[in-house]
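*Asks:* Handing you this structure, nothing more for now.
Please treat every number below as a calculation from the coordinates, not as lab data. As the structure is a prediction and not an experimental result, all values here were calculated from the model. Here the Cβ positions follow ideal geometry from the backbone for every residue, glycine too, while neighbour counts run over all protein chains shown.
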Amino acid sequence: RKEVEQDPGPFNVPEGATVAFNCTYSNSASQSFFWYRQDCRKEPKLLMSVYSSGNEDGRFTAQLNRASQYISLLIRDSKLSDSATYLCVVNRANDMRFGAGTRLTVKP
Amino acid sequence: DTAVSQTPKYLVTQMGNDKSIKCEQNLGHDTMYWYKQDSKKFLKIMFSYNNKELIINETVPNRFSPKSPDKAHLNLHINSLELGDSAVYFCASSLAVSTDTQYFGPGTRLTVL
């Protein structure tokens, strides 16, 4: 079993749609959690950190459930520019583990 | 003003050759990393250095040898390149070992023929 598993995708949604990505992690000792975004042929960039209380940044909402070892990302009012691969990232003992990513395509 | 830079951006070489990829960060970070992203887009950590000292060394062949001449640089040397080494290699840095955000370089696309 992979340490970090994500929805396989791809997700193809129309502009304005709401889309949710899920991620599970296997190591209960994991300490910090993130969503990164990676555009085609580009480097990953931090989208947002994920906190136990849940956090929101504009159209993006991230949730963490430590008991279920589950992380989610919700994107509201999707824009064409949201098209990218979203990587779930889990940090334990200063060792970042990336999920394989979920590809999102937002269409006009 | 590039925060994390890598050279070269593209590298095409023959099997059996030795090559190096250079990475530099101007963020004043203490920790640097090398990642490999294969054709299936799975990003996997290879090495992590903190203040020029190795702190993580994942199971990678010993043909891969990282070198950190100072805190701002972490180079990756690869001996006897194999077809399976073809991938995109990303360098990254973070402020400290226990910190959160990692900043990635633009990647080096290595193709072994």
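*Asks:* Springs between alpha-carbon pairs under 10 angstrom, Gaussian network model over chain B: which of B:THR31, B:THR13, B:THR101 fluctuates most?
*Replies:* B:THR101
*Asks:* Hey, got the average number of other protein chain Cβ atoms within 10 angstrom for residues in B:40-46?
*Replies:* 5
*Asks:* Still on this structure, I have one more. Under 20 Å Cα-Cα from B:LYS40, which aspartates and glutamates qualify once same-chain neighbours fewer than 8 residues away are excluded?
*Replies:* Here the aspartates and glutamates satisfying the reach criterion relative to B:LYS40 are A:GLU3, A:GLU5, A:ASP7, A:ASP39, A:GLU43, B:GLU58, B:GLU82, B:ASP85.
*Asks:* When Cβ neighbours within 10 Å are restricted to other protein chains, what is their mean count per residue of peptide B:55-65? Before the final figure, lay out the partial values.
*Replies:* Working: counts 3, 4, 0, 1, 0, 0, 0, 0, 0, 0, 0.
Taking the mean over all residues of the peptide, I get 1.
*Asks:* Still on this structure, I have one more. Using the Karplus equation 6.51 cos²θ - 1.76 cosθ + 1.60 (θ = phi - 60°), what ³J(HN,Hα) coupling, rounded to whole Hz, does each residue of segment B:61-78 give in order, writing x for Gly and Pro?
*Replies:* x, 6, 5, 9, 10, x, 9, 10, x, 7, 4, 8, 10, 9, 9, 10, 10, 10
*Asks:* Check the cysteines of the protein assembly as shown one by one and keep only those with no other cysteine Cβ under 4.7 Å from their own.
*Replies:* When partners are defined as cysteine Cβ atoms under 4.7 Å apart, the protein assembly as shown leaves A:CYS40 without one.
*Asks:* A follow-up question, please. Based on the alpha-carbon gyration tensor of chain A, what equivalent-ellipsoid semi-axes (square roots of 5 times the eigenvalues) come out, in whole Å, largest first?
*Replies:* That gives 23, 14, 12 Å for the three semi-axes.
*Asks:* Let me ask you something else. Just to be sure I understand: with springs between alpha-carbon atoms less than 10 Å apart, which residue in B:SER80, B:SER20, B:SER93 has the highest mean-square fluctuation in the Gaussian network model of chain B?
*Replies:* B:SER80
*Asks:* From the mean inverse distance of alpha carbon pairs (Kirkwood) and the Cα radius of gyration, derive Rg over Rh for chain B.
*Replies:* That ratio equals 0.95.
*Asks:* What whole-number distance in Å separates the alpha-carbon centres of segment A:47-108 and segment B:18-76?
*Replies:* 25 Å
*Asks:* At a Förster radius of 22 Å, what calculated FRET efficiency corresponds to the Cβ-Cβ distance of A:LEU80 and A:ASN22, to the nearest 0.05?
*Replies:* FRET efficiency, A:LEU80 to A:ASN22: 0.40.
*Asks:* Over segment B:71-113, what is the relative contact order in whole percent, taking alpha-carbon pairs under 8 Å and six or more residues apart?
*Replies:* 42 percent
*Asks:* Hey, another quick one. What's the average, rounded to a whole number, of partner chain beta-carbon atoms within 10 Å of each residue's beta-carbon in A:96-105?
*Replies:* Averaged over the peptide's residues, the number is 3.
*Asks:* State, to one decimal in nm, how far the label point of A:ASN55 lies from the label point of B:ASN26, with both points 7 Å from Cα in the Cβ direction.
*Replies:* 2.8 nm
*Asks:* Tell me which aspartates and glutamates have Cα within less than 12 Å of B:LYS52's Cα, excluding those fewer than 8 residues away on the same chain?
*Replies:* Those aspartates and glutamates meeting the cut-off are B:ASP30, B:ASP70.
*Asks:* For A:LEU46 and B:SER65, what is the calculated FRET efficiency with R₀ set at 30 Å and r taken between the beta-carbons, to the nearest 0.05?
*Replies:* Plugging the Cβ-Cβ distance into 1/(1 + (r/R0)^6) gives 0.55.
*Asks:* In a GNM of chain B with a 10 Å cut-off on Cα contacts, which of B:ILE78, B:ILE56, B:ILE45 has the highest mean-square fluctuation?
*Replies:* Among B:ILE78, B:ILE56, B:ILE45, the largest GNM mean-square fluctuation belongs to B:ILE56.
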